[in-house]
Structures are given as C-alpha cells and as structure tokens.
Amino acid sequence: MSQNTPDSDSQKPETIPLQKIPEKEVPPPAEVTVNSQSQQKKKNPNQRLVSLDAYRGFVMLAMASGGLAIAGVVRNSPEMLDQYNGTQWEASWKYLWQVLSYQFSHVEWAGAGFWDLIQPSFMFMVGVSMPFSFRKRKQKGNSTFRIWMHALFRAVLLVVLGVFLSSQSGPQTNFTFANVLCQIGLGYLVVFFYVNRSFVTQLIGVVTILGGYWYFFYQYLPPEQELADVQAYLQEVKHKDATEWTQFSGIGSAWNKHTNAAAAIDRQFLNQFPRYEEPFREQKFWVNSGGYQTLNFIPSIATMLFGLMAGQLLISNRLEKMKVKWLLQAGLICFVISMLLDTSIWPFSIDQWEWHLVPIVKRIWSPGWAIFSAGWAFWFLAAFYWIIDVKGYKKWAFPFVVVGMNSIAMYCMAQLIRPWIQKSLKIHLTTLDAATGWTVTSSLFGSDCPYTPIALSVSVLFVLWLICLWMYLQKIFVKI
C-alpha cells in the first residue's frame, strides 16, 4: 500500500498535537474499543461463514461413507455380536453394534436415525446458501433477470444430473426423480421465489405447502382394483407379505407404503417414460422398492424454505448470540410440533397414548418428517455456527470445509468412482504386499475378519477426501 493513502496518514498521531484537539472530542478508552470493533465488523460484511461449509462438508462425508458398511457387517456377521458372550461386556457390546447399525442405515418406514438426516440436512443447506448467493450476484452487478435465468439453469441441470447418476447401474436411462439432486432441482425455483421475502411470507409458504400436501394424502382412497394389482405384484414378483403396505391404520393409513397418493401418481407419471427390462420387452413401473416418490419434492420445498429462513437470519445484522438463540428455538418448535403430530418418534411410549395424525416418514417426505428433520438441521447449524464462527474454533473443521466447498464434486465422485477406487486399491496394495511382505490387502479385502468391509469403506472415503483436498489446494471448486 502506498504511504500516501488515507489509512497510512491516519496512523501518524504525532503530526496532530494532542493539545489542539478539543477535550470533548477525545472519546473515552471504552468507546474507542467499541468503535474499533464495530468498524472491524463493517470491513468484512461479506465474510464467508466457515460453519456453512463445515456443516455441508460433514453431511457430504457422511453420505460418501456409505454408512461405513456397519449395517451390513452387523447383518452378515452374527458371530461378531457373540464375541463377548458370557463376559461382563456381552450386553454393552451387542447394544453398541445394534445402535450403530440403526443409526447408519435407513429406518424401514416410520421414525428416524442419523442416516435419515443426511438428505434433509443437504437440502436444508441449499436453502441456507441462497441468500448469500443472491447477495453475491447482486454485488457483481447481475440483473434480476440474469439471476433468475441462472436459477433456472441450475434447476434443470440438477434434474438432468440426478437422472444421469441414477442410470449408472442399468442398461438404459433410469427415469427416476426421487434422488436428492432431482428433488432439489424440481423445487429449486419455488424456493428461489421466496429469497428476500419476509419471514411471515415464507412461513405462510411452508404452512400452505405442508398443509396442502397433508390433505392430498388424507383424501386419497386407492381404487380397489389398483390396490389388488399392487398387492399381487408385491407378493408374486417381489415376494413381500402384507407388512409391506400396512404400516398404519385409521387416519395414518393414508401414509402406508406403496398405497399412498404419491405412489399412485408415480404409477401414472413414470410409465410415460420408456422402461425396458430387456432390449425388446417393455416393463411397467409398479412401485419403488424403497417407497420413495417423485412428489417428495413438494414437501422438500418446505425443508429448503426452513433453510432459507435460517440463511436470512445468518445474513442479517442481528447479534451473533441472538442468531444462535433463534436457531435453537426454531429447532425446539419443530420438535414439539412433530411430536404432537406423531407418537412414533417419542423416546418413550405411554399406554393408550398413540396416534399418527401425520406420520414421520422420510421415504415419502411426509409433512411431519419435513418439520421433524428441520428441527435437527436447525440444531446442527446452530452448533456449527456457534463453535466455528462465534467462538472462533475453526482449525478442527478444516477436513469438513475441504469437502463442503466441493459438495457437488464429492456427491458425483461417491456415485461414480467408488468401485474404481476399490479396484485400484486392490491392485496396488497387492503389488505393495508382494514387495514388502505386508498383508494390507487381506485386511481390506479378506473374508476372515468381519471388520474388513468397515476398513475398506474408511479407506475409500479417505481417498475421496484426498481428491477434495487436492482440488481445494488447487483452488478448483465445482459449482452449478
């Protein structure tokens, strides 16, 4: 910086004799400190919140881990659970692995584990980032029309990319729209419409979407013939019993698997696309095996709107401690509402206290699930923001930030190159073992130890992280 700049001149107090300054213009030391701090904050109004990248990176690492194969190990290696039978550790050992298996796999229908919170957290963060992205583009001089065109391009590209990634394991294009990228793309423009709207307007949007979607399910009654055909397909082709479509009774039956309103829409919508089992034999779509539906994107809009509210709170001029307070309160309100709607997520059961007005079901993104999962997202964001950006503990979050700044790249790599990484590890580690006499290959690919799938998953995840680290150091950031 040149010495003739105004800043450098102001740092020479000896050029202005102190006695020439009127006493009333000399502020007390405490006021000088406050003004200095406020000026420092004003110098960085667009400073990037590290907590947002860290939270996003945490979510993407969890997704890319594939649950570390823990659920499969517990399911396929029952002898591992019996390792400490007859000792004082027997009950604790079995409980530990049962909890890990539950938390690192999707629940069958109602309820939630940690693994179920990955997708809503990612979608929540899409909403959080919107106000920051919109402000950045405005500061670059982009017109409102240009910003909307970019949003439209992003929405279309996300849907196309989602279909492309879903088609990697089959012989033809798999026209499915239930994966997270398609869901974000389908609802993106609606959420973008609410950017910079008032909190009341956004809240009305959430209530309208979730209330309307609840009624859409509640009023639907499947035709008897269609219901019979679906049940026959599940029994004869998929070899499923009645528990596959009878999770709830009474008012909650509208949210049963395969027989709900969104499943009926998919039986019409998805059959408009070509679906072939073999080159010349057409295959009709009946059900999604996991129960995921295209129309999930509608209540997912509410999930992203919750994130948008959080993002506008963080970008505001409120005090940092008030931002944390509001995030925690928002999460608590979501938990209270969702527990009033469905008792299946209560941590305890009370005799004759059971109802499912809006079941908490992630696979069909029920309105209750949108509210419940948003509660966890608010709390996770509050924790990351408080620790990293408010308290200033940032170094520990670096491994997450590396991934969070390339979240789309990590998602695509986890979908496309995991098999290639496994194959490469086996090839090169086998060569290394032959040259050194080590047994690393058997530790990752052997069948003698039940923990080898976990070790292999950790190794693949580490390689994916190293790729993100290289991209970070080279300042390569894949964005849509």
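Bear in mind these aren't lab numbers, they're just calculated from the coordinates by the rules spelled out. Every value quoted in this text rests on a predicted model; they were computed, and no experiment measured them. Here the Cβ positions follow ideal geometry from the backbone for every residue, glycine too, while neighbour counts run over all protein chains shown.
So here's what we get for this one:
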read-out	value
Residues 390, 59 arranged by fewest to most Cβ contacts within 10 Å	390, 59
Rounded tilt (10° steps) of 367-384 against the dominant C-alpha axis of the chain	40
Value in Å of the Kirkwood radius, where region 328-427 supplies the Cα pairs that are averaged	16.9
Sites residue 355 and residue 321 - FRET efficiency at Förster radius 41 Å, r taken between beta-carbons, to 0.05	0.65
Cβ-derived FRET efficiency at R0 30 Å, residue 107 paired with residue 439, nearest 0.05	0.20
Using a Förster distance of 41 Å, the FRET efficiency for residue 136-residue 167 (Cβ separation, nearest 0.05)	0.80
Between region 159-222 and region 370-433, the alpha-carbon center distance in angstrom	24
Selected from 239, 331, 272, residue furthest toward positive end of dipole (region 50-414; charges at beta carbon)	331
For region 50-414, with +1 on Lys and Arg beta carbons and -1 on Asp and Glu, the positive-most of 396, 159, 71 along the dipole	396
Exposure proxy order (Cβ contacts within 10 Å, fewest to most) of 340, 381	340, 381
Theoretical gain in end-to-end length, residue 150 to residue 337 [0.36 nm per residue, Cα-Cα removed]	63.7 nm
Whole-Hz ³J(HN,Hα) from phi, Karplus 6.51 cos²θ - 1.76 cosθ + 1.60, for region 216-221, glycine and proline x	4, 6, 4, 7, 7, 10
Ascending count of other beta-carbon atoms within 10 Å, so fewest first, for 351, 342, 229	351, 229, 342
Additional length obtainable on full extension of the chain from residue 417 to residue 143, 0.36 nm per residue less Cα span	94.8 nm
Calculated from backbone phi, Karplus (6.51, -1.76, 1.60) coupling profile of region 126-141 in Hz, x at Gly/Pro	4, x, 4, 6, 4, x, 5, 5, 4, 4, 5, 5, 5, 5, 7, x
Contour excess over end-to-end distance, with Cα ends at residue 197 and residue 477 and 0.36 nm allotted per residue	97.9 nm
Inter-label distance for residue 387 and residue 84, nm, one decimal - labels placed 7 Å from Cα along Cα-to-Cβ	2.6
For the chain, alpha-carbon Rg relative to the globular expectation (2.2 N^0.38 Å, N residues)	1.17
Residue-wise HN-Hα coupling along region 164-176, computed from phi with Karplus coefficients 6.51, -1.76, 1.60 (Hz; x: Gly, Pro)	4, 5, 6, 9, 6, 9, x, x, 9, 5, 9, 7, 10
